[in-house]
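The structure appears below as C-alpha cells.
The values are calculated or read from the model by the stated rules, or taken from the named source; none is laboratory data. Here the structure is a predicted model, which means the values were calculated and not measured. So basically every Cβ, Gly included, is an ideal-geometry build from the backbone, and we count neighbours across all protein chains shown.
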Amino acid sequence: MSVFSRQFSILIIEDNLGDFVLIEDHLRDQVINPNIINTTTFSSTKELLNSGHVFDVIFLDLTLPDLSGKQLVKELLEISGDTPIIALTGYEDKDFSVKTLSLGISDYLFKDELNPSLIYKSIVYNIERKRISLELRESEKKYRTLFHVCPIPMWVFDPDTLNFLNVNNAAIKHYGYSNEEFLSMTIKDIRPSYEVDKLSSVIEKNKDKSNLFSGIFIHCKKDGTIINVEIQSSKIIFNGKEAKLIIAIDVTEKLKAEEALKLSEQLFKALVQDGADLISILDDLGNYKFVSPSASSIIGLDETELIGKNAFDFIHEDDRQRVVNQFNLLKRKKRVQISPFRFKNVNNNWIWLETIATNMMDDPAVQGIISNSRDITLNINYNQKLKQNFERYESLAKATSDAIWDHDFEIDRTYIAGEGYKNLFGYNLANQFSEKLFWETRLHPDEKENIIGNLNDLIADPNSIQSELEYRFLKADGNYAHVRDRFFIIRDNGKAVRMLGAKQDITRQKMQEQEKEKLITELTKNNKDLKQFSYITSHNLRGPIANLLGLSSLVDNYEIKDDSLKQILAGIKKATFMFDDIIKDLTKVLNIKDHASIPQESLSILSALEKGISQNETMLLETGAKIKTELVKAPVVNFNKAYLESIFFNLISNAIKYRSPSRKLKITILSEIINDEVVVKFSDNGLGLDIALYKERLFSLYQRFHDHAEGKGLGLFLIKSQLEAFNGSIDIESSVGIGTTFILKFKR
C-alpha cells in the first residue's frame, strides 16, 4: 500500500466519535504522522479557524449539533479561506451533497464507502485541484493587471468588425478617449482619413497570420494631435473568440530625436569646441589626452601645448595634494566634484578653477577621465570681498551708537545686539533675548495703541519690506526719549519671518525741530510785517513822486533862459522819473513774492509767445528777426497768464537788445516734458556772454552786462522771480559770439 510521505495538517469536523476514529485510522494508514485535529461543533470550529490555525484539508460532517445543511456550508466557506473542504455524508443526503459542490465544497464522500485509498485520492486530488485553481486565478489576475497597468497603450480588437473589445488605462490616457468611447469605436477611428486605406490593406494581408506583426503607422488622438506609432500585433482568444492584441508604442519623439541626432552631435561638438568651460580627457595619472580649444581663452595655452603634460604640475602646491586625493576617489566613484583650486595660466598668474571629473575608462569611445573645469576666479574674488564686507559690517554693528535688534516671529522673541540699548536707554540687554512685552510696556501711553496698530499693519502687509516709526520710549532713568525706529522685514512667500531694526535717539533733533518751528513762526510774522511796511512805504512815496512829476510837467510850460537852471530842472525831472520807475519795479517784485494771491490756469505757450511777439513787433520787423517754434511735445503750462506773457516779452526784448550786428537775429523756442516738469528752451544767436564770469549775478536786480544798449537790468530778475513764485526755475547756457539759451522749467 502506498503511503503519502508529506506531513499534512487535517481538520475533521465530526460529532460522531465512531466516524471520527474510522477516518483517523484511514488517514494514518496512508499519511505519515498526520497532524489531525477534531472539532464537534461549528462554534468550536469557528473559534479554532479564527485563532489562526491553517489546515491543508478539512473534512466536514454536514450535520452538526449547532448548525447543519446549507447554512453550515456557507458559514464554513466564509472562514476557511482557500482550504479544500471535503463533505462527509450518507446516502440519504446524496442530492444535497451534489448541491454542495455548487456552493464551493471541493468534494464529497459517502461515509459508508470510506476506505484509506478513497480518502487518500480525495485529499491528493482536492489539494492539487485547489492549488491549480489558485494559481490559475492568480495568473489571470496578473495578466489582467499587467494589461491595465502597463504604461504602454494596449487594446484588443475584433479582426472581423475592427471594433475595440478592450483597452488599457495607458491607451485611455494617451489618446484622450474614455473607455466607453473606445468601446463604441473601430480602430479606423484613431487614424487620419488618409491612413484608412493603408490600414485596410495591412489588415487584409495579415488576417490569417498567427505570428507577431509589427510596423509604424500614423494615429490621431482625440484632440487632433498626429502621432507616429510602432504597432506590435498578435492573435489571442478573448472571451472565447479569436481577437487581436495590439501594443502601440508612441515613437513620435523617437523619430524626431533620430532626425535631430546629427544636428545634436554637431551642437555638442560646437559646445566642446567653442564652450566657455575647459573640457579635457586625462589618463588615470592625470596626463592630458585631449584638451578643448577653450584652453587658449581660459589659461592662454593652445590645446596642443597641454597634451601629454600632467595636469597636477599646473596646480598650486598648497592645493595640489588635496586635488590629487579627490582625483583618486575616481578609482571607486563614477563622478567627483573637485573643490576650487588655483591653476597657473600662461602668464604665471593663478586662476581659480572648479572641476567635475567623471571616470569613463570603461567607455571605449573615451577610455579616460573627463574633466570639466570652469573659471571661477571672479566668483572667488567676489566672495572674498563679500567676506571682508561682512566682517566690516560686524565691526560697524559693534561700533554703532544705534540700538540694534532682531525679532524672530517663530519664537516671538527679540535679540538685542551690541551696547546700543544700554548706551541710549540705560538697559543692560547686550547680546541677549528680550520678550516683546519689554518693548510694548515702555511705549508712551498716549502713543502705545497707535504705534502697535501701525506696526501690526506693516507686518501683515505682504508688500511691506522696509519702514520706520517714531515714538516716545521710556528710558531706565524714567525719562522718555524720542526714538526713530527703522526696520527691515524678511518674508517667506509674503509671511513675515524676521524683522531687523535699529533705534536712534532723536530727542535732541526733536527739540531742535521745535525750536526751528518756533523760529519759522517768528520769521513768518516778521516777514509779513516787512511786507506790510514795504507796501505802505511804496504807497506813501507814490504821492510825493506824483507831485514832483506834476510840477516837472508845469515847469515845461515856462521858458527858462538861464541855462544852468534849465539843466538843473532837467536833472530833477530825470531823477524823479527814475525814482518813479524804481517804486514801480519794487511794487512788481512785491506782487510776485506774494504769489499766494496770484491765480494760475492752464495756458497755451504759443498764445503767450504771440502776445510777447506783438508787444515787440515793431523792433522785430525793423531787425528782420526770424522766430521758429516747436511746441508740440508740451503745448501748455499751468501758470499765471500775465506772468507768462511778461516772461516772453522780456526774453524777446532781451534778444533784440543784445543781437549780433553781424547777422540776422534768429530765435528758436521749443518745449518738452521731462519727469514732472515742462521745459521751455528759448535760444537766440546774439552776442552771448561769459557764463563763468557773470552767472553768479546774472539774475540779480539791476545787473547789466552790455553797455551798447539801454536797459535797467530788471528783466531777468523779474523772469526768475515769476518762475520761482510757482516753484519753477530758470537757467542759462551761453557762448560769446555764438548766442544764448534760456532754460525755463515749469512744474506740471
Return the total of residues in the stretch 17-52 being in a loop (DSSP other than H, G, I, E, B) and surrounded by 14 or more Cβ atoms within 10 Å (Cβ to Cβ).
3
Which numbered condition M154 fails, given (1) surrounded by 13 or more Cβ atoms within 10 Å (Cβ to Cβ); (2) at pLDDT below 85
(2)
Within the bounds of the stretch 396-404, is there any residue that is surrounded by 12 or more Cβ atoms within 10 Å (Cβ to Cβ) and assigned to a strand (DSSP E or B)?
yes
Single condition F648 does not satisfy, out of (1) farther than 19 Å from K720 by Cβ; (2) modelled with pLDDT of 90 or more:
(1)
Exclusive hit being hydroxyl-bearing (S, T, Y), more than 36 Å from the chain's Cα centre (by Cα), modelled with pLDDT of 80 or more and not assigned by TED's automatic domain parsing to the domain that holds T186, set S233, S280:
S280
Checked pairs for the stretch 37-48, first of a type in the set (F, W, Y), second surrounded by 14 or more Cβ atoms within 10 Å (Cβ to Cβ) and assigned to a loop (DSSP other than H, G, I, E, B), C-beta under 7 Å and 6 or more apart or across chains, list as F42/L64; F42/L67
Among (1) farther than 19 Å from L17 by Cβ; (2) surrounded by fewer than 20 Cβ atoms within 10 Å (Cβ to Cβ); (3) of a type in the set (V, I, T) - the single one I105 does not satisfy:
(2)
Flag if I536 is outside the structural domain of G715 (by TED's automatic domain parsing), surrounded by 12 or more Cβ atoms within 10 Å (Cβ to Cβ) and modelled with pLDDT under 75:
no
When the stretch 322-360 is examined, which residues are found to be part of a helix (DSSP H, G or I) and more than 24 Å from L301 (Cα to Cα)?
R322, N325, Q326, N328, L329, L330, K331
I'm trying to understand the selection: among the residues of the stretch 359-375, which are over 24 Å from K344 (Cα atoms) and of a type in the set (G, A, S)?
A365
Residues located in the stretch 76-109, provided they are closer than 21 Å to S9 by Cα and assigned to a helix (DSSP H, G or I):
L76, L77, E78, I79, S80
Is it fair to say I416 is of a type outside the set (D, E, K, R) and not in a helix (DSSP H, G or I)?
yes
Residues satisfying the stated conditions in the stretch 443-491, i.e. among the small types (G, A, S) and not in a helix (DSSP H, G or I)
S464, S467, A476, G478, A481
Where in the stretch 616-679 are there strands (runs of 3 or more DSSP E), lying wholly inside it, with at least 1 residues that are hydroxyl-bearing (S, T, Y)?
626-630, 666-674
Matching option when the condition is modelled with pLDDT of 90 or more, within 20 Å of I730 (Cβ to Cβ), surrounded by fewer than 14 Cβ atoms within 10 Å (Cβ to Cβ) and among the basic types (K, R), among K633, K628
K633
Name the pairs whose Cβ atoms lie under 6 Å apart, with the first residue in the stretch 13-31 and aromatic (F, W, Y), the second surrounded by fewer than 20 Cβ atoms within 10 Å (Cβ to Cβ), and 6 or more positions between them or separate chains?
F20/N38
Does any residue of the stretch 412-422 turn out to be modelled with pLDDT of 80 or more, at positive phi and touching an Asp or Glu at 6+ places or on another chain (Cβ under 7 Å)?
no
Name the single residue, out of those in the stretch 603-615 being among the aliphatic types (A, V, I, L, M) and part of a helix (DSSP H, G or I), that is farthest from the chain's Cα centre (by Cα).
I613
Quick one: which of L27, L67 is of a type in the set (A, V, I, L, M, F, W, C), at pLDDT below 85 and farther than 24 Å from S133 by Cα?
L27
Residue list for the stretch 159-175, restricted to those being surrounded by fewer than 22 Cβ atoms within 10 Å (Cβ to Cβ) and either charged (D, E, K, R) or assigned to a strand (DSSP E or B) (or both)
D160, N163, L165, N166, K173
Neighbours by Cβ (under 6 Å, 6+ apart or cross-chain): first from the stretch 184-212, closer than 19 Å to V229 by Cα; second modelled with pLDDT under 80 and outside any helix (DSSP H, G or I):
N206/F213
Does E180 meet the test of being modelled with pLDDT of 90 or more and not β-branched (V, I, T)?
yes
Under the condition of being polar (S, T, N, Q) and at pLDDT below 75, which residue from the stretch 546-574 is nearest to the chain's Cα centre (by Cα)?
N547
Within the stretch 323-355, track down each residue that is over 35 Å from the mean Cα position of the chain (by Cα) and crowded, with 18+ Cβ neighbours inside 10 Å.
V323, F327, L330, R342, F343
